[in-house]
Amino acid sequence: MDPKAYWVGFNLIKGIGSVRFQALKDYFGSLEIAWNAPISALKETGLPEKICERISQVRKDIDLDLYLKRIDSLGIKVLIKEDSEYPRYLKEIDQPPPVLYLKGDLCLEDEWAVAIVGTRKVTHYGKQVTEEFTRVLSDHKITIVSGLARGIDGIAHKVAIETGGRTIAVLGSGVDRIYPSEHRNLADQISCSGAVISDYPPGTAPEANNFPPRNRIISGLSRATLVIEAGQTSGALITAEFAANQGRNVYSVPGSIYNVQSKGTNRLIQQGAKPLVDIHEVLQDLQVELIQERKSFRKVYPIDLFEEKILRVLSDEPLHVDEITNLSELPISQVSSYLTMMELKGFARQVGGMKYIIIREEKGEYIQ
């Protein structure tokens, strides 16, 4: 059976998130062993009785092999955290989703993404700003991430598609349960020029309590989050909070103090978000010119297992090339040549004395 089946199996169990996934994997050595373990052994990991009962029931009710084939027949792809295709930038957040379901494709360009979020009850001002900012970002090959909701989200997705750009929609439901229903056609278009993503299994209904947690994925996929318009209780403010906690830049578009749809954005500015009046400020912070150069290098020389090893060794603390060689267990000749290439790609930087550090994304750059 495909090993992903066991990841999907545990993903079907309500109450098993990233922490418990890892705990099960660490305890049993693999999720396959965990899935086939007796309930008594599962209880020894500290899982509550209720969750153990759910596991037992799902194991009786669902043939994982058939379930995975059904997902595939719906045109839905499954990514697990250990896949090389799993979004690198999302992987670095606290407790990244163990399983992602998607329609469409993710690609190298999506490592340079910006989230655009805001109110469903958009004003003419909000619409105008969203269209202009999305158009400029798309023209500079920045992927637009949003939540497929009415208002700001939908406008951002549509403009990205119209300008020939890439866009990613993150759902609070299964990718086969599009919400709102009037955005089904838009979701189909997005899957052709990007991806529709969810960490909820196919068939999951768009329940209200699903949406706040999915916002961590919107911000987690993005180098920066732009809040265009938001009332005081807007879900966009939750996305901004996640972005800030993830160490990502948060921008907020100021608005009239008399407009209820600007109360949330103005409050974000009071709390430290960068006031955004010119989208070119975001391009400057993202170092767009440098991004294009690095994209070219990464296309010609995609990351491989040797670079992965070196990336896992590097940190904020400078390491001498000899230390990197010892820790990565690679020949020094390979380490030296790979470090040179990784500097060109923007993965690492020499800080003098043959010492290297990893480059952080919060500087508009990359981190493993």
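The values are calculated or read from the model by the stated rules, or taken from the named source; none is laboratory data. It should be emphasised that the depicted structure is a prediction, and the values quoted were computed from it without experimental measurement. Because the Cβ atoms are built from the backbone with ideal geometry, glycine has one as well, and the counts that use them run over all protein chains shown.
Below, the figures for the structure above:
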item: Number of the condition not met by Asp83 [criteria: (1) touching a residue at least 40 places away in the same chain (Cβ under 8 Å); (2) within 25 Å of Phe242 (Cα to Cα); (3) not aliphatic (A, V, I, L, M)]; result: (1)
item: Residue list for the stretch 312-337, restricted to those being in contact (Cβ under 8 Å) with a residue 24 or more places away in the chain, assigned to a helix (DSSP H, G or I) and in contact with a strand residue (DSSP E or B) (Cβ under 9 Å, 6 or more places away or on another chain); result: Val321, Ile324
item: Conditions (1) within 12 Å of the chain's Cα centre (by Cα); (2) surrounded by 21 or more Cβ atoms within 10 Å (Cβ to Cβ); (3) not in a strand (DSSP E or B); number of the one not met by Phe133; result: (1)
item: Residues that are without any contact (Cβ under 8 Å) to a residue 60 or more places away in the chain, over 20 Å from Ile217 (Cβ atoms) and of a type in the set (A, V, I, L, M, F, W, C), drawn from the stretch 232-267; result: Ile257, Val260
item: So His157, is it surrounded by fewer than 21 Cβ atoms within 10 Å (Cβ to Cβ) and modelled with pLDDT of 95 or more; result: no
item: Within the stretch 163-182, tally of residues that are assigned to a strand (DSSP E or B) and under 17 Å from Phe211 (Cβ atoms); result: 3
item: When residues of the stretch 79-129 are limited to those that are surrounded by fewer than 16 Cβ atoms within 10 Å (Cβ to Cβ) and not charged (D, E, K, R), the one farthest from Ala5 (Cα to Cα); result: His124
item: Number of positions in the stretch 59-80 that are of a type in the set (Asp, Glu) and touching a residue at least 12 places away in the same chain (Cβ under 8 Å); result: 1
item: Inter-residue pairs, beta-carbon under 7 Å, first in contact (Cβ under 8 Å) with a residue 24 or more places away in the chain and in the stretch 18-34, second surrounded by fewer than 16 Cβ atoms within 10 Å (Cβ to Cβ), 6+ apart; result: Ser18/Gln95; Val19/Gln95; Glu32/Pro3
item: Residue pairs meeting the criteria (Cβ under 6 Å; at least 6 apart or on separate chains; first within 19 Å of Phe242 (Cα to Cα) and outside the structural domain of Gly235 (by TED's automatic domain parsing), in the stretch 137-153; second surrounded by fewer than 22 Cβ atoms within 10 Å (Cβ to Cβ) and of a type in the set (A, V, I, L, M, F, W, C)); result: none
item: Flag if Arg214 is of a type in the set (Lys, Arg) and within 24 Å of Gln128 (Cβ to Cβ); result: no
item: Filter result (modelled with pLDDT under 95 and part of a helix (DSSP H, G or I)) within the stretch 11-27; result: Ser18, Val19, Arg20, Phe21, Gln22, Ala23, Leu24, Lys25, Asp26, Tyr27
item: Residue selected from the stretch 273-286 under the condition in contact with a helix residue (DSSP H, G or I) (Cβ under 8 Å, 6 or more places away or on another chain) and not in a helix (DSSP H, G or I), by the criterion surrounded by the fewest Cβ atoms within 10 Å (Cβ to Cβ); result: Pro275
item: Unique match (being surrounded by fewer than 21 Cβ atoms within 10 Å (Cβ to Cβ) and not aliphatic (A, V, I, L, M)) among Ser193, Ser198; result: Ser193
